[in-house]
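The values are calculated or read from the model by the stated rules, or taken from the named source; none is laboratory data. The shown structure was predicted, so the numbers you read here are calculated from the model rather than taken from an experiment. Glycine gets a Cβ as well: all are built from the backbone with ideal geometry, and neighbour counts include every protein chain shown.
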Amino acid sequence: MTNSLIPELERELAAMVARQAVAPAARPARVRRSRRLSRRAALAFITLLLLLATAALAATGVIPVGAPVSDPPGARPPRPNEGLGTVVAGTAKVLPLRVADPDGGPPWGLRLTATSRGIGCLHVGRVVDGRLGALGTDDAFNNDGRFHPFPTGMQRLAGCAELDGAGQLFASSTIGALPAAAISDGACYPPHEITGDPTARICPAADVREIAFGALGPQARSITYTGEDGRDHVQRTGAPYGAFLIVLRHDPRSGDFGMSGGGALSLANTPITRVTWADGHSCAVTPRGFAGPCPIPGYKPRPVPRLTTADVRSPVRAHVERRPGHGRVVVIRFRARAAVTDGSSAYTITRRLHGAHTWGSGMTERNIRAGEIVEYVFYGPPRHGVYTGTITYTTGGPTGYLYGTGPQARRSLKLVVGHYTLRVR
Amino acid sequence: MALRSDAELLDRSDRDAGAFTEFYRRHERALVVYAGRTVRDPELVVDVVAETFARAYESRAAFRGDGGRSARGWLLGIARHVVLAAWRTGRIQSDVRERLGMQAITVTDETLRGVEHAVVESEGAVVDAWLADLPADQREAIRRRVLQDGDYDEIARELRCSAAVVRQRVSRGLGALRRAAMEDAS
């Protein structure tokens, strides 16, 4: 038998198993198949009752409203000059596009917001009385059967991208497996998601949805996509944003559970097979995205700042210090001569240990004043050896892990600010 | 001694610590490689692998090894969930480890280097397979420029040609890879 890669973990697992052997109460009871099936059947029945009740209430226009969705414990509130930024007042719009759920009930819809950092986001959810939100079903909100509105500032379950030069959003995203409640927090898990947690609650397969949504701009006219029946379906995109929304029952064979797209307009991993524009031309789409070059009518690239390396060059300092609660950390400092005024620019910082094959990197995801001293911290105890790294000013390429750059990335500008070397003893 | 199946090892784990250790060693490298490709940092890799095996132990009754089926896919599914949950919450969950009373472990630099090396070794194999169909000159140009982030002038000196030739080889090689990827997709 070969030596293990992580002997410390192997020893602790062996010690844990030995402790469990003398504590029989810790052993999980074998679940008899019939008991598991009946629990699933009961869950499916309760869910169906709730959905029918919700549909009936919706049909009469009466669906009780619960508390707005709140952020998970410990979540940091959004700030206007960081990350995605905060929603600009007056920009939140629930779009007129409505798509029926396969099991009825409130339709699905989209809400568009613009943020203080020049980013546009599309949120997906169920619509009641013109508001976007989630339902108290599929174990969400303790199955209270109520509608829970999404607050305007909510940043989860959104596809975001840098707005173009005319303030328009071009973006697309997919959610591989989402409970029909339109929220995953506190809800049951899709049946093929292996959690390894015997206490996890599993959704009935028919209660999980596959979502694709986005905005193709004002000159988009329709999308063609493959429906659950295997046939082509045409959806007119919603003016003036060219919005589209596809809601299908989740296909467990797809193995896709996550959210993808990052907002950048690629249409990969969607059931879309064609996009048609107002001028009559169309582009084919494959599971990997556009089949070939596809100029997106109406997209206005943002101007690239006229900067050179001489405009951003600055000395870079690095040192190790001890910080309360974090132990030893690596701190990188430099003067940012070029300002960062929104999500279209950022400074990236790399860190590489001499002799190691992998490296770390980070990005300043906030606004920075010209001339500001920037401090970037690599958390996690540094290893002994020599670290080197580079600071780069970037604009026009991906500058945020939460959002994309639109269909035709304008010429990306990357200017080296400086390098550093740090010996850690 | 005949090789014991994963189902047998898991079944014996509650009375034979050696059985779970054998199960762990059988699948450890695959989990390290999977976690390494998704979370990159070796310390986080250890965290993901630890929580995954803790969950596997606690839910071992749920694994159906009918017909001698390997637990590899089941374990990778658990690991995938641990990683996805970490993206959502910003931390690697340790709920099951806490329930099982597992102690926090401290790993040595040597262990972290071993983890890192295992991930890179596997990535090297994937990249080699990906580049194998290219002509040797394009393959070398892409390896030095794209994978090792080399400077065009420096590569030109090493390959004894002009920087323009290097750019051309990189461009042609990437074009060939792109076409091959699109053919695979169609």
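Numerical summary
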item: Qualifying residues in the range B:114-128 (those that are out of contact with any Lys or Arg (no Cβ under 7 Å at 6 or more places or on another chain) and either within 8 Å of chain A (Cβ to nearest Cβ) or not in a helix (DSSP H, G or I) (or both)) - the one modelled with the lowest pLDDT; result: B:120
item: Residues (crowded, with 24+ Cβ neighbours inside 10 Å and over 25 Å from residue A:299 (Cβ atoms)) located in the range A:158-182; result: A:177, A:178, A:179, A:180, A:181, A:182
item: Residue B:25 being under 17 Å from residue A:6 (Cα atoms), within 8 Å of another protein chain (Cβ to nearest Cβ), at pLDDT below 90 and surrounded by fewer than 24 Cβ atoms within 10 Å (Cβ to Cβ); result: no
item: Of the criteria (1) aliphatic (A, V, I, L, M); (2) in contact (Cβ under 8 Å) with a residue 12 or more places away in the chain; (3) assigned to a loop (DSSP other than H, G, I, E, B); (4) under 21 Å from residue A:344 (Cα atoms), which one residue A:89 fails; result: (2)
item: Residue, modelled with the lowest pLDDT, within the range B:129-141, restricted to residues that are within 19 Å of residue B:155 (Cβ to Cβ) and surrounded by 11 or more Cβ atoms within 10 Å (Cβ to Cβ); result: B:131
item: Residues of the range B:30-62 satisfying the condition of being farther than 17 Å from residue A:12 by Cα and basic (Lys, Arg); result: B:37, B:40, B:60
item: Single match in A:370, A:338 (criterion: in contact with a helix residue (DSSP H, G or I) (Cβ under 6 Å, 6 or more places away or on another chain) and either in a loop (DSSP other than H, G, I, E, B) or of a type in the set (Val, Ile, Thr) (or both)); result: A:338
item: Any hit, the range B:28-40, residues being more than 9 Å from every other protein chain (Cβ to nearest Cβ) and either in a loop (DSSP other than H, G, I, E, B) or more than 14 Å from the chain's Cα centre (by Cα) (or both); result: no
item: Odd one out for residue A:118, checked against (1) more than 16 Å from the chain's Cα centre (by Cα); (2) at negative phi; result: (2)
item: Members of the range A:185-209 that are surrounded by fewer than 22 Cβ atoms within 10 Å (Cβ to Cβ) and either under 15 Å from the mean Cα position of the chain (by Cα) or of a type in the set (Lys, Arg) (or both); result: A:185, A:201
item: Unmet criterion (only one of (1) over 20 Å from the mean Cα position of the chain (by Cα); (2) buried (at least 22 other Cβ atoms within 10 Å of the Cβ)) for residue B:45; result: (1)
item: Residues located in the range A:267-309, provided they are among the basic types (Lys, Arg) and either at pLDDT 90 or above or over 21 Å from residue A:168 (Cβ atoms) (or both); result: A:274, A:288, A:306
item: Tally, over the range B:64-103, of residues that are of a type outside the set (Ser, Thr, Tyr), in a loop (DSSP other than H, G, I, E, B) and at pLDDT 85 or above; result: 5
item: Positions within the range A:265-298 being assigned to a strand (DSSP E or B) and of a type in the set (Gly, Ala, Ser), in sequence order; result: A:282, A:284, A:289
item: Test for residue B:12: is it more than 8 Å from chain A (Cβ to nearest Cβ) and of a type in the set (Lys, Arg); result: yes
item: Any hit, the range B:151-165, residues being touching a Leu at 6+ places or on another chain (Cβ under 6 Å) and either surrounded by fewer than 16 Cβ atoms within 10 Å (Cβ to Cβ) or closer than 24 Å to residue B:120 by Cα (or both); result: no
item: Odd one out for residue A:353 among (1) more than 30 Å from the chain's Cα centre (by Cα); (2) more than 14 Å from every other protein chain (Cβ to nearest Cβ); result: (2)
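Results for (1) of a type in the set (Phe, Trp, Tyr); (2) within 20 Å of residue A:287 (Cβ to Cβ); (3) in a strand (DSSP E or B); (4) modelled with pLDDT of 95 or more, shown as yes or no for each residue.
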site: A:195; (1), (2), (3), (4): no, no, no, no
site: A:198; (1), (2), (3), (4): no, no, no, no
site: A:228; (1), (2), (3), (4): no, yes, no, no
site: A:245; (1), (2), (3), (4): no, yes, yes, yes
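Let's see how each residue does on (1) among the basic types (Lys, Arg); (2) crowded, with 17+ Cβ neighbours inside 10 Å; (3) modelled with pLDDT of 90 or more:
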residue	(1), (2), (3)
A:331	no, no, yes
A:338	no, yes, yes
A:346	no, yes, yes
A:371	no, no, yes
A:376	no, yes, yes
A:410	yes, yes, no
